[in-house]
1. Could you list, in sequence order, all residues of region A:234-266 that are within 14 Å of another protein chain (Cβ to nearest Cβ) and more than 16 Å from A:Leu221 (Cβ to Cβ)?
2. In region A:247-262, which residue that is in contact (Cβ under 8 Å) with a residue 40 or more places away in the chain and under 30 Å from B:Glu43 (Cβ atoms) is surrounded by the most Cβ atoms within 10 Å (Cβ to Cβ)?
3. Which condition does B:Asp333 not pass, out of (1) at pLDDT 95 or above; (2) outside any loop (DSSP other than H, G, I, E, B); (3) surrounded by fewer than 16 Cβ atoms within 10 Å (Cβ to Cβ), if it passes all the others?
4. Can you name every residue in region B:406-422 that is surrounded by fewer than 23 Cβ atoms within 10 Å (Cβ to Cβ) and either assigned by TED's automatic domain parsing to the domain that holds B:Gly272 or in a helix (DSSP H, G or I) (or both)?
5. Could you pull out the residue among B:Arg34, B:Arg39, B:Arg45 that is within 14 Å of chain A (Cβ to nearest Cβ) and open to solvent by less than 20 Å² (accessible area, probe 1.4 Å)?
6. For region A:250-287, how many residues are in a loop (DSSP other than H, G, I, E, B) and away from ligand 1 (no atom under 16 Å from the Cβ)?
7. Can you work out which of the residues in region B:267-294 that are away from ligand 2 (no atom under 15 Å from the Cβ) and polar (S, T, N, Q) is nearest to the other protein chains (Cβ to nearest Cβ)?
8. Quick test of your reading of the structure: A:Asp403 fulfils all but one of (1) more than 16 Å from ligand 1 (Cβ to nearest atom); (2) free of Cβ contacts under 8 Å to residues at least 40 places away in the same chain; (3) not in a helix (DSSP H, G or I). Name the failing condition by number.
There are 2 protein chains.
Amino acid sequence: MNNDVKAKWEAFTELVRKITAYNEAISLMHWDLRTGAPRKGVELRSGVIGTLSAEQFKLRVSDEMGEYIDYFTRPEVDGQLDDTARRIVKECKKDYDENKRIPAKKIEEFSVLSAHTQTIWEEAKANNDFASFEPNLVKIVDLLKEFIGYWGVKGTTYDTLLDKYEPELTVAKLDEVFGRLRERLVPLVAAIQASPNKPDTTFLDQIFEQEQQEKMGLFILGQMGYDFDAGRLDESVHPFAIGLNSGDVRITTHYLQDDVTSALFSSLHEGGHALYEQNISKDLAGTPLATGTSMGIHESQSRLWENIIGRSRAFWERYYPDLQKHFPQQLQDVSLDDFYRAVNRVENSLIRIESDELTYNLHIIIRYEIEKMIFNEGLEVKDLPKVWNEKYRQYLGITPPNDSLGVLQDVHWSGGDFGYFASYSLGNMYAAQIMNTMKKELPELDQYIREGNLIPIKEWLTEKIYRFGKSRTPAEIIMQVTGEELNPDYLADYLEEKYKEIYKL
Amino acid sequence: MNNDVKAKWEAFTELVRKITAYNEAISLMHWDLRTGAPRKGVELRSGVIGTLSAEQFKLRVSDEMGEYIDYFTRPEVDGQLDDTARRIVKECKKDYDENKRIPAKKIEEFSVLSAHTQTIWEEAKANNDFASFEPNLVKIVDLLKEFIGYWGVKGTTYDTLLDKYEPELTVAKLDEVFGRLRERLVPLVAAIQASPNKPDTTFLDQIFEQEQQEKMGLFILGQMGYDFDAGRLDESVHPFAIGLNSGDVRITTHYLQDDVTSALFSSLHEGGHALYEQNISKDLAGTPLATGTSMGIHESQSRLWENIIGRSRAFWERYYPDLQKHFPQQLQDVSLDDFYRAVNRVENSLIRIESDELTYNLHIIIRYEIEKMIFNEGLEVKDLPKVWNEKYRQYLGITPPNDSLGVLQDVHWSGGDFGYFASYSLGNMYAAQIMNTMKKELPELDQYIREGNLIPIKEWLTEKIYRFGKSRTPAEIIMQVTGEELNPDYLADYLEEKYKEIYKL
Ligand SMILES: [Zn+2]
Ligand SMILES: [Zn+2]
């Protein structure tokens, strides 16, 4: 960089650091609201979050920001930037463009509409009344289509929404991978359905003392390499992980006395998210690159730990005796094999969030296909229940008895989060593909897991994925780690192999 | 208000609300740092606090703020404001003037210097080396004198510093009340020293299980009327209370296994601070008036609950049986009278923060007299140890064996907080004077306390003090509640009566 560029760059990073500082304060307020802020302070606190968000928003779309972006994207200046610097500019530009192109009035309108629609959705779901939800959902879809117009269509209309959560992902690519995945999973699910060899899960219906659950959860998190000096574990209604900075990545869990697996696997899941954020390179602190590169890659890390490792036989060979020690009364007569099979039972359920590792993907594919139909193929909102139920019948062999258990089950659409669902299955596919490479590069992997030596896994993931934060795109990460593009066969292979054995197909 | 004034007022309160929002976010970050934020995130978090404080500072001294103040203090506009509005303007103006008059470079210099000097002070205290601390303390005093020049001297030089913590308090007034207090307390302390009737405190040297201490502390807070739906209790190294908003006023405590009184009385103390903040009128939310009116009045509330109520015989008549139930082994053979006398033992100690309710005031008077000598009478920093030791000998009859236990004991001066100490004793005097009125207006007060019926006390204080927040000055509050100015005789009377009985003088 010459001196002019250098001086400008320093001023620009100062602005960027400021924007990041707001993120950290706002995230802490959200964390606090969800982990124990007193009820009577919530209303004023929400106002404070709104005020600080608005202050931050002003900086993100400020003329100052616009001028920096303009300056740093000039060819003669861009040429002087290193790769990381260029990515920082790109991130700021993406955010600036996304927000600046839409009239402030429209952004306001969307935020009011989506908040209101979430309330309406709650009632509609409680009353099994899709019709009362429909008019607002129509408005949300229309407004999003208008936004896409402002943003500029990338490929197809729906591509623009996908790109928000998974940068550079396209319908063309997703059609291919989800199509292939569906082809392979639908018959597998049907075969499992028909299998007489179902795991016995009755022993899970017991009381498991919370105190012991806590101890076991903390133990497992420590084993994974979660750094308690750079985080803390609290309780909240819904478990989550939140990165305030790379030295402060918090997770929460929720204990259910009558379900020992809930807190256990959610700790592995949120722990996976947290390992990612804790191990992002410190060099990226204070920049928009100090976070996971996409929803999909983030989810690949939670699901790799929760499912591929956490529901593997090798893992429980090591940790099941510990679990038995924590719950001798409940588990002393349950064999490792029975436990392993029980935590991997497959059930064709109606509800996505209650579904297992295998059928989960079909729930997502259904949502993807429907969202695409809405934005690319003119499907009308009023026809959603019909399409929804038909797809559940086709892919999962079950038909929702009502809309509350069907099209009304998820909160996402009421908040305008179209394009988001795909991330969950992307996470599963990325995870299986990454795991396939990890096994080749760490030939002793299975042995490590069987011995509870999980740190090499964390280190390998840090080296290959975590440290880069958002300075690589998801496609770059997956190519760099595995040497090929996203390929759904790794997930399908993994699931087939695992479940054919469990269900003795 | 006419329409012009009204429109301006709405825009102005918007700015004020924004400034308040930053306070809440910054306070939450401080609370978090002191109650369990992970160690590795602290450095970045401190940066975030700095960034947001700087953003807020810009608003507080902005041209926009200057124009509003200018507008609302014009006689024709001021005449249209109600009392509360006028006070809001006055608060903003005070803050604006204080900060705007000093060149930004000087403020920066002071903040760097005081941070640095605190580190030096820590080392000096550890090494009993006043000489290493002296040059920096000289710089701090000089810079403060310069600031006072910018701010404009009010009465004497030192008055300007007093006014920062206790608005409108003067050296003339404090000389009078501290002089009178000293006259009455020094002989009382000497008589106690000479008394053969010392309380037996040996039974306090036992182990008191933390779990039971927690239960007892929560119980007492509930009895006081602390609203757990508008607050929460956590642990921290040093106990504190912090008001994020009136619906979220948090307190912390610190449990010592070998000292049952520490957490107990600190809960009463911080609980008193918290009751004040929880009961400020909701109408003041989002304004600079939604906090305690001064350090002194705030401290009066903590000390009223901790000492005047919490160390009274009536209080323990009600609650000692509960304490015994929590610690049957430790206390079953200790009589109420022995317990009451033990928690009211007087000891002439060298250390302010370890001192009792009575001698505490002498520690403060010493500091007040020395600060006044520095700023009004040309006392040189190098002579502080000599003056300090001489005053301890005179008022408390003991001489510090070294500066670590003497002039170096408090952190305040290293951070530039001259003028602050007086608040602590003001709190004691205000508390005794307020209690005197409360007894007249609630003739059954003693009976209430004896029955554990503490809510009428909270309600009376809310009606008389809490709800007004900062919309009354300390002098107005004390006049409005008690019908006279600050009068030290109430504290002296209270202490004489109480301790003559305990020490059988
Ligand atoms: Zn997740
Ligand atoms: Zn206090």
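The values are calculated or read from the model by the stated rules, or taken from the named source; none is laboratory data. Computed from a prediction, not measured in an experiment: that's the story for all the values here. Neighbour counts run over all protein chains shown; Cβ positions are idealised from the backbone, glycine included. Remember, those area values only see protein heavy atoms, side chains included, never the ligands or the DNA or RNA. Shrake-Rupley method; radii C 1.70, N 1.55, O 1.52, S 1.80 Å.
1. Within region A:234-266, A:Leu244, A:Asn245, A:Ser246, A:Gly247 qualify.
2. A:Arg250
3. The one condition B:Asp333 does not meet is (2).
4. Hits for region B:406-422 are B:His412, B:Gly415.
5. Numbers: B:Arg34 fails: open to solvent by less than 20 Å² (accessible area, probe 1.4 Å); B:Arg39 fails: open to solvent by less than 20 Å² (accessible area, probe 1.4 Å).
Of B:Arg34, B:Arg39, B:Arg45, the one residue that is within 14 Å of chain A (Cβ to nearest Cβ) and open to solvent by less than 20 Å² (accessible area, probe 1.4 Å) is B:Arg45.
6. The number of residues fulfilling the criteria is 9.
7. B:Gln278
8. (2)
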